[in-house]
Ligand SMILES: [Zn+2]
């Protein structure tokens with residue numbers, strides 16, 4: 001699905017370089033000078049492989065070419081690359097996440113649920129940092145080439161500042177979670193664990209998203225989302241939030257918690273597509289969608305990148321293979 005028209009030939013190389021910009025710093029608590037590895041934000045062998053076909057899953061990706069411009073589509077990605085981010089060194093990835101890496105997750109354990117939520121926050125911070133660097137890089141280039149003065153406010157300058165503020169807020173939030181991790185105050189994060197019976201595993205992913213119109217302290221409500229196919233017959237969806245935000249989080253989640261009917265299941269799919277993040281799908285499941293559903297899902301992904309669309313009435317965005 002095309003988003004923007006052709007990119008001028010002379011501007012494309014720089015744009016392409018910025019899009020490929022990677023930050024590879026370890027974001028574990030404290031200062032770590034080790035370089036980061038490509039860590040999985042969703043555990044590979046337990047939760048991504050069950051969806052894979054011929055070693056690949058599908059994920060929603062933006063792509064840019066000079067001739068086609070900017071487009072969004074479902075693209076095939078190998079299980080070794082799916083949901084990876086370069087925000088942890090090998091030592092810290094292992095040391096911090098061993099309790100949820102080495103065995104099946106116990107969804108009643110405050111420690112394991114905390115670690116699931118914490119890993120989302122690291123991956124989200126990493127994404128925000130890369131995004132801020134890209135936008136800042138694009139702005140610096142405009143100043144260098146004389147399109148912006150660098151001294152007066154401009155749209156591109158404001159965009160760059162905005163991205164840096166978002167990355168900084170994500171960093172502060174991570175520091176709050178770091179303190180909880182270091183003092184083992186795992187119950188400071190609360191969770192809602194939903195179990196969806198399925199006929200086959202179709203979706204996995206995680207994200208941290210903010211609910212901008214709901215304040216918590218001097219920031220806004222942040223929700224962590226994990227979608228984990230624990231078997232072909234069941235996918236576990238975990239929403240996590242700070243304990244002090246419980247009341248507001250539960251109000252936000254009411255449409256998916258209230259009942260176990262088809263309507264709330266449909267809403268749950270909408271929450272998952274809206275949260276976006278690192279969502280991956282079983283290829284044959286997506287290939288079985290009608291053209292209308294595929295377009296609806298891609299449009300929704302695109303529209304919800306900047307602002308949640310949860311109040312919107314939508315058609316079929318179903319991400320689960322449910323029993324009829
Ligand atoms: Zn480290």
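Values in this text are rule-based calculations from the coordinates and carry no lab data. Since this is a predicted model, take the numbers as computed values, not measurements. In this analysis, Cβ positions are derived from the backbone assuming ideal geometry, glycine residues included, and neighbour counts consider all displayed protein chains.
Determine the calculated [θ] at 222 nm for the chain from helices alone, applying -39500 (n - 2.57) to every DSSP H run no shorter than 4 residues and normalising by the residue count; nearest 500 deg cm²/dmol.
Numbers: 8 runs with 127 residues, N = 324.
Theoretical 222 nm ellipticity from helices: -13000 deg cm²/dmol.
For the range 258-324, rounded, prolate or oblate, judged on the Cα gyration tensor with a ≥ b ≥ c (square roots of eigenvalues), a/c < 1.5 rounded, else prolate if a/b > b/c?
oblate
Which of rounded, prolate or oblate describes the range 46-121 when judged by the alpha-carbon gyration tensor and an a/c cut-off of 1.5?
Values: a/c = 2.59, a/b = 2.00, b/c = 1.29.
In terms of gyration-tensor shape, prolate.
Which of 306, 289, 220 moves the most in a Gaussian network model of the chain with Cα springs under 10 Å?
Between 306, 289, 220, it is 306 that shows the largest mean-square fluctuation.
For the range 2-187, rounded, prolate or oblate, judged on the Cα gyration tensor with a ≥ b ≥ c (square roots of eigenvalues), a/c < 1.5 rounded, else prolate if a/b > b/c? All intermediate terms of the calculation are to be shown ahead of the outcome.
Values: a/c = 2.66, a/b = 1.48, b/c = 1.81.
Verdict is oblate for the range 2-187.
Which three numbers, in whole Å and largest first, are the semi-axes of the equivalent ellipsoid of the range 177-324 derived from its Cα gyration tensor as √(5λ)?
Output for the range 177-324: semi-axes of 27, 18, 14 Å.
Compute for the chain: radius of gyration divided by Kirkwood radius, i.e. Rg/Rh, restricted to C-alpha atoms, rounded to two decimals.
On the way: Rg = 19.8 Å, Rh = 20.7 Å.
Result for the chain is an Rg/Rh of 0.96.
With a Förster radius of 45 Å, plug the Cβ-Cβ distance of residue 165 and residue 230 into 1/(1 + (r/R0)^6) and report the FRET value to the nearest 0.05.
Working: r = 37 Å, r/R0 = 0.83.
Once rounded, the FRET efficiency stands at 0.75.
What distance in nm lies between label points placed 7 Å from Cα along the C-beta direction at residue 109 and residue 184?
1.3 nm
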